[in-house]
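The values are calculated or read from the model by the stated rules, or taken from the named source; none is laboratory data. From a predicted model like this one, the values you see are computed outputs, not experimental measurements. With ideal geometry, Cβ positions are generated from the backbone for all residues, glycine too; neighbour counts draw on all protein chains shown. Heavy atoms of the whole protein, side chains included, go into the accessibility calculation; ligands, DNA and RNA do not. Shrake-Rupley method; radii C 1.70, N 1.55, O 1.52, S 1.80 Å.
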Amino acid sequence: MFFCWLNRLYRGLSSPTGRTTQLIWGSLSRSLVLSSRRRIPEFSSFVARTNTCGELRSSHLGQEVTLCGWIQYRRQNTFLVLRDFHGLIQLVIPQDEKMPTGEIEIKVKTAELLNSCKKLPFEIKDFVKKTEALRLQYRYLDLRSFQMQYNLRLRSQMVMKMREYLCNLHGFVDIETPTLFKKTPGGAKEFVVPSREPGKFYSLPQSPQQFKQLLMVGGLDRYFQVARCYRDEGSRPDRQPEFTQIDIEMSFVDQTGIQSLIEGLLQYSWPRDKDPVVVPFPSMTFAEALATYGTDKPDTRFGMKIVDISDVFRNTEVRFLQDVLSKPKGTVKAIRIPEGAKYLKRKDIESIRKVAADHFNQEVLPVFLKASRHWNSPVAEFILEKQSLELIRLMELQEEDVILLTAGEHRKACSLLGKLRLECADLLEARGVVLRDPALFSFLWVVDFPLFLPKEENPGELESAHHPFTAPHPSDIQLLYTEPEKVRSQHYDLVLNGSEIGGGSIRIHDAELQRYILATLLKEDVKLLSHLLQALDYGAPPHGGIALGLDRLICLVTGAPSIRDVIAFPKSFRGYDLMSNAPDSIPPEELKPYHIQVSWPVDSEAEKSSLDHPHHPES
């Protein structure tokens, strides 16, 4: 049994012969799996210890060892459990009469106290509940937990294997690109950094996109980087203002080549204690993903797919269905909730209808099929027997199932049902129904995205669906000059269990085509990208690439509830560093060299006080 009470930092000291005599017991059962084909790392090289706490076994009996670590637990000042990053082990301090408590123990001759420890704000136990705000405030203590150690060490192992695969096996060059750049059009909001030139600012790049394209122009041919990226996007549960990408670019490649590369990369770097990755990954068009799952990042581990039931209601007496179907893009769609009548409560149905109204301005109708085959819903009396039989056939309905039905424009109706599909899956799983296997990793390529989307604030204008450097689909080039809103792109996303973990595209390498898209279609100021356009004019090779979101990938691999659990020092939900209280104010005199003046009062002390509080709303 392992105990988790941390008190003091100890190191076993040398005896007159140079080492401490030991009998040995215990190890950490969930330590990371090492391949027998790889050389075992020398965890005790260059330091005073001879072994880690987790590696000793009965085969070491009779050896003398020196250990370093934290006291995890002590009993009767006789038995100590010592912990380090590799595991735990029991030590026994010799007494006149000793009762053995384990198969193997370490018999201590001498020990030295290296440092004492004040009372901890929380116990270092993975099963002890701690608010996230408290964990982030004392992150250096939270890092001692087994789960954080496991997550960060697994992350390190996967990144190292990715480097091996890209550099050693496929000739990629690891190149660092600048983090002080200039503001450029399109994409997410960027952080700005003041300079000492009046009115001039740097921007932190949201990705190395332009630099990696310039590297292709420069003939580097195959580039990658474990890239630090920045986005000033405010509060998002699954985002961080600073995050890490595995950033990749290749020359003379097509979409199939990039996809094959990434499948091999993930297969090679996948943890050995997980089921192996099976390639090739399945592929689905954006249109198919939207129509079937209501999203461009579908979770394909379970069913509840969207079904178009428009034809069932062509002659319906339900007025609002008639009105919708009379419009050019009007449809009626539904999803089936298996055994929904058994598991969903009235308050759940009310919550579902509220989500539809508040977020989509849509009506959703629950339809129940009872044992008597009568329909129990607001539209039940208008559903003809022929229509009910057709619904049963189309939806493959069983007695306890529930249909969620909505009507409207195709994309809007699909998006609504896609959100409700996930919400209903959460509700069912909260009540014991197993829909999504946590041990299953379901990869999917989503392809053939639209190149442009109408702007939300002005639907008459276009914006890039991905970014303005994405190449149009070869079959749709002519539509650029006649119906650009119909053009598909050479953009591809990699989805894992309903989360986007990577996105990329084949790039525009023709300068004139790039100018036309920027200036004419997107109405951007091409002067801001003159450096890139000029480079394309000097014989840019065809090229393409992708960026994998490392934080999100590791989060899914480890089963962590948040990407903050796979980052050593993350920001909170609102972008704060609760440990150091960043961001913080700067004295006016220190801002003068940057020609910046804060023009409103800021009560920084009040802000600090609220962030320090263990019950801060970040929790």
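A Cβ distance below 7 Å, combined with a sequence gap of six or more or placement on separate chains, defines the contacts here; from the stretch 326-352, residues that are without any contact (Cβ under 8 Å) to a residue 60 or more places away in the chain reach residues that are buried (at least 17 other Cβ atoms within 10 Å of the Cβ) and part of a strand (DSSP E or B) in the pairs I349/P366. Considering only residues in the stretch 456-477 that are assigned to a loop (DSSP other than H, G, I, E, B) and within 16 Å of Y492 (Cβ to Cβ), the one that is nearest to the chain's Cα centre (by Cα) turns out to be H466. For the stretch 535-551, the candidate set comprises residues that are under 19 Å from Q514 (Cα atoms) and among the small types (G, A, S); within that set, the residue that is surrounded by the most Cβ atoms within 10 Å (Cβ to Cβ) is G544. Considering only the stretch 489-515, state which residues are more than 16 Å from H473 (Cα to Cα), acidic (D, E) and in contact with a strand residue (DSSP E or B) (Cβ under 9 Å, 6 or more places away or on another chain). Residue satisfying the conditions is E500 alone.
For the stretch 346-392, which residues satisfy the criterion of being assigned to a strand (DSSP E or B), modelled with pLDDT under 90 and either surrounded by 17 or more Cβ atoms within 10 Å (Cβ to Cβ) or touching a helix residue (DSSP H, G or I) at 6+ places or on another chain (Cβ under 6 Å) (or both)?
Selection gives L365, P366, V367, F368, L369, W375.
Of the listed requirements (1) in a loop (DSSP other than H, G, I, E, B); (2) surrounded by 15 or more Cβ atoms within 10 Å (Cβ to Cβ), G432 misses just one: (2). Residue pairs whose Cβ atoms lie under 8 Å apart, sitting 6 or more positions apart in sequence or on different chains, and linking a residue in the stretch 449-462 that is without any contact (Cβ under 8 Å) to a residue 40 or more places away in the chain to a partner that is open to solvent by less than 70 Å² (accessible area, probe 1.4 Å) and small (G, A, S), are L453/S464; L453/A465. The set of residues in the stretch 531-579 that are modelled with pLDDT under 95, over 14 Å from the mean Cα position of the chain (by Cα) and of a type in the set (G, A, S) comprises G539, S572, G575.
The set of residues in the stretch 166-184 being surrounded by 13 or more Cβ atoms within 10 Å (Cβ to Cβ), under 15 Å from M250 (Cα atoms) and not hydrophobic (A, V, I, L, M, F, W, C) consists of H170 alone. The listed residues are L154, L56, L67, and the only one of them that is in contact with a Lys or Arg (Cβ under 6 Å, 6 or more places away or on another chain) and buried (at least 18 other Cβ atoms within 10 Å of the Cβ) turns out to be L67. Checked against (1) touching a residue at least 60 places away in the same chain (Cβ under 8 Å); (2) closer than 18 Å to T256 by Cβ, S475 meets all criteria but (1). Does the stretch 407-422 hold any residues that are open to solvent by less than 60 Å² (accessible area, probe 1.4 Å) and among the charged types (D, E, K, R), and which are they? Within the stretch 407-422, R421 is the sole residue that qualifies. Please determine whether any residue of the stretch 118-139 is within 22 Å of L220 (Cβ to Cβ), open to solvent by less than 40 Å² (accessible area, probe 1.4 Å) and either in contact with an Asp or Glu (Cβ under 9 Å, 6 or more places away or on another chain) or at pLDDT below 95 (or both). The answer is no, given that none of the residues of the stretch 118-139 is within 22 Å of L220 (Cβ to Cβ), open to solvent by less than 40 Å² (accessible area, probe 1.4 Å) and either in contact with an Asp or Glu (Cβ under 9 Å, 6 or more places away or on another chain) or at pLDDT below 95 (or both). Quick one: would you say E500 is open to solvent by 20 Å² or more (accessible area, probe 1.4 Å), in a strand (DSSP E or B) and modelled with pLDDT of 95 or more? Yes: the conditions hold for E500. Screening V324 against (1) on the phi > 0 side of the Ramachandran plot; (2) modelled with pLDDT under 95; (3) surrounded by 14 or more Cβ atoms within 10 Å (Cβ to Cβ) leaves a single unmet condition, (1).
Please work out if S207 is touching a Phe, Trp or Tyr at 6+ places or on another chain (Cβ under 8 Å), among the hydroxyl-bearing types (S, T, Y), open to solvent by less than 50 Å² (accessible area, probe 1.4 Å) and touching a residue at least 12 places away in the same chain (Cβ under 8 Å). Taking the combined requirement at face value, the residue does not satisfy it. When the residues of the stretch 505-530 are filtered to those that are of a type in the set (V, I, T) and in a helix (DSSP H, G or I), which remaining residue is least open to solvent (accessible area, probe 1.4 Å)? Going through the qualifying residues, I end up with I517. The residues of the stretch 251-287 that are open to solvent by less than 60 Å² (accessible area, probe 1.4 Å) and more than 20 Å from F449 (Cβ to Cβ), listed by number, are S251, G264, L265, L266, S269, W270, P271, K274, V277, V279.
Selection of the stretch 288-314 for residues being of a type outside the set (A, V, I, L, M, F, W, C), farther than 14 Å from L391 by Cβ and open to solvent by 20 Å² or more (accessible area, probe 1.4 Å) yields E288, T292, T295, D296, K297, T300, R301, G303, K305.
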